[in-house]
Amino acid sequence: MASACPAPVLRGRIAPLHFWIGMSRLAQLPASLRQALTERRALKVIAGLTNFDAASVERISRAAGLGGADLIDVACDPELVQLAARVSGLPICVSAVDPELFPAAVAAGAALVEIGNYDAFYPLGRIFDAAEVLELTRRTRALLPEVVLSVTVPHVLPLDQQEQLAVDLVAAGADLIQTEGGTSAKPFSAGSLGLIEKAAPTLAAAHSIGRALAAAACSAPVLCASGLSAVTVPMAIATGAAGVGVGSAVNKLNDELAMVAVVRSLREALGSTSRVAV
């Protein structure tokens, strides 16, 4: 790998994940979220980068809180940040591809920002290449030097380019790396096998990126997202991910009780937390 990561070193060796979290910007995150990342069981529910429907975001956020999620990812809008935080009691991440939108959301209470959730753009023919994502990361870090920053690595890149981009992103100031890939998967089997086929691209990305970061002396947590289910989130953790992000499995449902049930099933698949109790 061409880039070096700003990773803490302990006795001449790369520090473990819990040390990285404690010594980096991630230390600013709420204690419950830091612990979930350290214990590799973080669960993020994604409302959707283009979902500005307040009623929908409210339902998803409440279900995430009741179901035991650790974090909610919403569109980059200050009012949605406040709404999601109020009904869920959880830390809020905001997603956008325009760094200029982030400061207002942070001022409204967002705990972290994310460049990513590109799925909404792919049907429009909008593709994000490595150079653009890296430039967005640098611009965001310049605007918000002390705010926790997560960046999604586009799944349209070959795996070796995803690996290199992840290393470059951490060197440029990303604190978390997120994978994607569900939209590229075309499962042809029913049942559990089909769920595994759907998750295969993001699982492969999480495994490859995690190994690349370790080889480059990085301990930045990886969140595995896109196309996951209760069947496959344990596999995401087995790849080395510190947590998972789940969107359509929750946000495409119309019934709030069904949303809660799905979030709880994901929580149970990852490991229990005190938030599960209602």
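Bear in mind these aren't lab numbers, they're just calculated from the coordinates by the rules spelled out. A quick note: this is a predicted structure, and the numbers were derived from the prediction, not measured. Because the Cβ atoms are built from the backbone with ideal geometry, glycine has one as well, and the counts that use them run over all protein chains shown.
Report the FRET efficiency, 1/(1 + (r/R0)^6), for Glu256 and Ile127, where r is their Cβ-Cβ distance and R0 is 35 Å, rounded to 0.05.
It comes to 0.50.
Whole angstrom only: what separates the Cα centroid of the stretch 199-278 from the Cα centroid of the stretch 157-177?
19
Count the DSSP beta bridges whose two residues both fall in the chain, then state the antiparallel fraction as a percent rounded to the nearest 5.
5
Checking the a/c ratio against 1.5 first, then a/b against b/c, what shape does the Cα gyration tensor give for the stretch 63-103?
Prolate, because a/c is 1.5 or more and a/b exceeds b/c.
Dividing the convex hull volume of the Cα atoms of the stretch 76-145 by its residue count, what figure in Å³ per residue is obtained?
88
Write out the trypsin sites (Lys or Arg not before Pro) in the stretch 47-141 meeting two conditions: DSSP loop, and at most 14 other Cβ atoms within 10 Å of their Cβ.
Of the trypsin sites (Lys or Arg not before Pro), the ones in loops of the stretch 47-141 whose Cβ has at most 14 other Cβ atoms within 10 Å are Arg126.
Nearest 20 debye, what's the magnitude of the dipole of the stretch 15-267 about its Cα centre given +1 on Lys and Arg Cβ and -1 on Asp and Glu Cβ?
Approximately 640 debye in magnitude.
Starting from the Cα gyration tensor of the chain, take the square roots of the eigenvalues, sort them a ≥ b ≥ c, and report rounded, prolate or oblate (rounded when a/c is under 1.5, otherwise prolate if a/b is larger than b/c, else oblate).
Note, shape of the chain comes out rounded.
Between Arg211 and Ser56, what length comes free when the chain is fully extended (0.36 nm per residue of separation minus the Cα-Cα distance, one decimal in nm)?
52.1 nm
Starting from the stretch 235-269, pick out the trypsin sites (Lys or Arg not before Pro) whose DSSP state is loop and whose Cβ has at most 16 other Cβ atoms within 10 Å.
Lys252
Tell me which of Ile177, Gly191, Val133 sits at the most positive position along the dipole axis of the stretch 15-267, charges placed on C-beta atoms (Lys, Arg +1; Asp, Glu -1).
Farthest along the dipole direction, towards plus: Gly191.
Please report the base-10 log of the normalised intensity I(q)/I(0) for the stretch 37-172, using a Debye sum with one equal scatterer per alpha carbon and no solvent, at each q in 0.12, 0.15, 0.17 (1/Å).
-0.47, -0.73, -0.93
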